[in-house]
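Take a look at the structure set out below.
The values are calculated or read from the model by the stated rules, or taken from the named source; none is laboratory data. Just so we're clear, the structure is a prediction, and the values are computed from it rather than from any experiment. As a convention, Cβ positions derive from the backbone with ideal geometry for all residues, glycine included, and neighbour counts pool all protein chains shown. Remember, those area values only see protein heavy atoms, side chains included, never the ligands or the DNA or RNA. Shrake-Rupley method; radii C 1.70, N 1.55, O 1.52, S 1.80 Å.
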Amino acid sequence: QVQLVESGGGLVQAGGSLRLSCAASGSTFSFSYMGWYRQAPGKQRELVARISSDGTTNYADSVKGRFTVSRDNAKNTVDLQMNSLKPEDAGVYYCHVTGSHTGVGYWGKGTQVAVSS
């Protein structure tokens with residue numbers, strides 16, 4: 001029903017910036033929250049940032065002050081602006097959304113973020 005397509009990943013130097021985008025399509029669902037997780041090799045997947053339908057945000061402590069999550073409810077998109085990137089930010093970033101009425105979660109395929117020292 002819901003398809004999530006991420007874009008914007010790539011290679012960036014430490015201290016640089018990237019902007020990730022995720023577009024939800026194929027349904028008329030509303031989402032209680034939309035956000036981003038990441039996973040580095042050998043580590044567990046972790047929540048990076050999420051935003052609720054009313055605009056409330058949550059961030060991992062490691063990215064507070066550097067990353068900003070935003071959403072456009074009319075377009076059903078969620079973005080992640082990543083500034084002052086560090087090598088430890090590298091990994092696969094996954095878009096995730098939760099249906100407002102069902103509580104069902106949906107995952108994107110992921111996009112790679114690499115940060116060079």
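Evaluate region 25-38: report whether one residue or more is in contact (Cβ under 8 Å) with a residue 40 or more places away in the chain, at negative phi and β-branched (Val, Ile, Thr).
So far as region 25-38 goes, no, none of its residues is in contact (Cβ under 8 Å) with a residue 40 or more places away in the chain, at negative phi and β-branched (Val, Ile, Thr).
In region 6-51, which residue that is farther than 15 Å from GLY110 by Cα and among the hydroxyl-bearing types (Ser, Thr, Tyr) is modelled with the lowest pLDDT?
SER27
Find the residue count for region 72-112, including only residues that are open to solvent by 50 Å² or more (accessible area, probe 1.4 Å), of a type in the set (D, E, K, R) and under 13 Å from the mean Cα position of the chain (by Cα).
Looking only at that region, the number is 1.
Hey, any hits in region 89-97 for a residue that's in a loop (DSSP other than H, G, I, E, B), modelled with pLDDT of 95 or more and in contact with a strand residue (DSSP E or B) (Cβ under 9 Å, 6 or more places away or on another chain)?
Looking for residues that are in a loop (DSSP other than H, G, I, E, B), modelled with pLDDT of 95 or more and in contact with a strand residue (DSSP E or B) (Cβ under 9 Å, 6 or more places away or on another chain), one finds at least one in region 89-97, hence yes.
Which one of the conditions (1) more than 23 Å from SER117 (Cβ to Cβ); (2) assigned to a strand (DSSP E or B) does GLN1 fail to meet, given that it meets all the rest?
GLN1 satisfies all of (1) more than 23 Å from SER117 (Cβ to Cβ); (2) assigned to a strand (DSSP E or B) except (2).
If you scan region 22-46, which residues turn out to be in a strand (DSSP E or B), surrounded by fewer than 18 Cβ atoms within 10 Å (Cβ to Cβ) and in contact with a Ser or Thr (Cβ under 9 Å, 6 or more places away or on another chain)?
Those that are in a strand (DSSP E or B), surrounded by fewer than 18 Cβ atoms within 10 Å (Cβ to Cβ) and in contact with a Ser or Thr (Cβ under 9 Å, 6 or more places away or on another chain): ALA23, SER32, GLU46.
When LEU11 is evaluated against the numbered criteria (1) open to solvent by 60 Å² or more (accessible area, probe 1.4 Å); (2) more than 11 Å from VAL113 (Cβ to Cβ), which criterion, by number, is the only one it fails?
(2)
Quick check: is even one residue across region 53-66 open to solvent by 30 Å² or more (accessible area, probe 1.4 Å) and within 18 Å of TYR106 (Cα to Cα)?
For region 53-66, residues open to solvent by 30 Å² or more (accessible area, probe 1.4 Å) and within 18 Å of TYR106 (Cα to Cα): present.
For residues in region 8-21 being out of contact with any helix residue (DSSP H, G or I) (no Cβ under 8 Å at 6 or more places or on another chain) and not in a strand (DSSP E or B), which is nearest to ASN83 (Cα to Cα)?
Among those that are out of contact with any helix residue (DSSP H, G or I) (no Cβ under 8 Å at 6 or more places or on another chain) and not in a strand (DSSP E or B), it is SER17.
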